[in-house]
Amino acid sequence: MAAIPAGPADMSARPERDRSPASHGGSSTNRLIGIDLARGLAVFGMYSAHVGPDVTVGGPVGFLLETARGRSAALFALLAGFSLVIITGRPRPHTGRAGRQVRARVMIRAVVLLALGYALTALDTDVDVILSFYGLLFLAVLPLYRLRAATLALIAAAGALILPQVLFAIRVSIEGGTWADAVIAHDPLARISGTDGIIELLVTGEYPVLTWIPFLIAGMAVARLDLTRSGTRCRLAIVGGVLALLGYGSSWLALHLVPHALSAVASATDGGSASSAWWSDTVGRLEGRPPPAWLLVAVPHSQTSFSVVANTGVALVVISACLTVAERMPRLTRLATPVAAVGMTALTMYVLHVVALWFFGDVWYVAAVDEDTMAALPALLSFMAAAMVLAVVWTRRFRRGPLEQALHLATQPAWNIR
């Protein structure tokens, strides 16, 4: 099952640390609320994947659940890149001693998230914990933090078009050989964590770094923009809509125009009809060696170019909408305050939900066997309500969530770097 991390980005890095020239006006405050709101929606999208009914329930509820799954993870990842830019300096990247300090802070955060991710994985829930992947992703994109928005956008686009093909080739190689087993056998990280170590983080995991890098880089590009301008938000929505249409539409066309593509995808998965492979994970999970036709799908977590492009587009539209709501609709923004509070404490809320699923494991299993019905919907609503209540109560007294604060304190030694 898809997992997501706390706030998709460095979940402890709240946008209030923005010190751009515009950060002293009202627009800046609205902008930050908009980012928190987007992050909160991503948290709820994650909850729907781990706690809610299966998308096969159909109707409006099934459609909403199906829309959230996978795409909320992409939104998290994109916001992770946004937070990375805030940590390392926005609008101007830190250089010199300050630059060395912020790089050290990001490295410490990455190590902590890596360890926390493996600790949650050890609980053996059904959640594919994303935090360890985040840790490596932060390290991978850190060298790019000084680049401008246009350059970052070009790198993200190139990564979306090239890296999925590289990943596909490596996965085919792994299925046909034994070299990956040899790497895992000699990987200290694999021995310590009890997982496939670096091979899993880079290639075989649910969130392989090779194909999730474009999301973070795209988020970094967004963070370099002047989001106080309505024109910028509008262009962001237009670009997002075009990317979503291009990704999902091209996948649909390819699957229907390339001979035998649908049948090849259907035979390679454990799900239902391959006709949904252009946008929905109801097609099922890939089993065994992936066929070349798999590169034509746009299913969330399929690690294809179509999927990365489309999900990036959806994430951009959601961010633009949240920023616009915060800027133009103060009443709606006030009503959405509990959701934004969840976004402010996303790391804490993510970890708590994984721990809750572990603690109530047996009880939850009884409910989960009927997840193809609406029986799991009350549990999902309860998780969401509990998260909002806890987040609102906490944020009224504290600036950061408890785990966000712990992660912040863990980076304090970095300020001693000269």
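Membrane-span-like helices in the chain (whole DSSP H runs, Cα extent of at least 24 Å along the helix axis, mean Kyte-Doolittle hydropathy of at least 0.5): 71-88, 96-121, 149-175, 230-257, 305-328, 377-395. Here the contact order of the chain, divided by its residue count and restricted to Cα pairs under 8 Å and six or more residues apart, works out to 27 percent.
For trypsin sites (Lys or Arg not before Pro), the sites in segment 227-327 that DSSP calls loop and that have at most 16 other Cβ atoms within 10 Å are R229, R285. Overall size of segment 206-336 from C-alpha positions, given as principal axis extents largest first: 50, 27, 25 Å.
For segment 69-203, taking the reciprocal of the average inverse distance between every pair of different Cα atoms yields a Kirkwood hydrodynamic radius of 16.7 Å. Relative contact order of segment 156-244: what whole-number percent is it, with Cα pairs under 8 angstrom and at least 6 residues apart? In percent, rounded to a whole number, it is 28. Binning the alpha carbon pair distances of the chain at 20 angstrom intervals from zero yields the distribution 27, 61, 12, 0, expressed in whole percent.
Placing T125, T211, T67 in order of accessible area, with the largest value first and a 1.4 Å probe, yields T67, T125, T211.
Anisotropy class assigned to segment 168-274 is oblate, per the alpha carbon gyration tensor with a/c at or over the 1.5 cut-off and a/b no larger than b/c.
Of the residues A218, A49, A104, the one that moves most in a GNM of the chain with alpha-carbon contacts below 10 Å is A104. Apolar share of the accessible surface for segment 186-250: 68 percent from carbon plus sulfur atoms, 1.4 Å probe. The longest stretch of the chain left intact once loop-based chymotrypsin sites (Phe, Trp or Tyr not before Pro) with at most 13 other Cβ atoms within 10 Å are removed from consideration, loops following DSSP, is 1-359.
The values are calculated or read from the model by the stated rules, or taken from the named source; none is laboratory data. In this text the structure is predicted, and so the values were computed from the model without any measurement. Don't worry about glycine lacking a Cβ; one is built from the backbone with ideal geometry, like all the others, and counts go over all protein chains shown. Accessible surface is based on the protein model in full, side chains and every heavy atom, while ligands, DNA and RNA are left aside. Shrake-Rupley method; radii C 1.70, N 1.55, O 1.52, S 1.80 Å.
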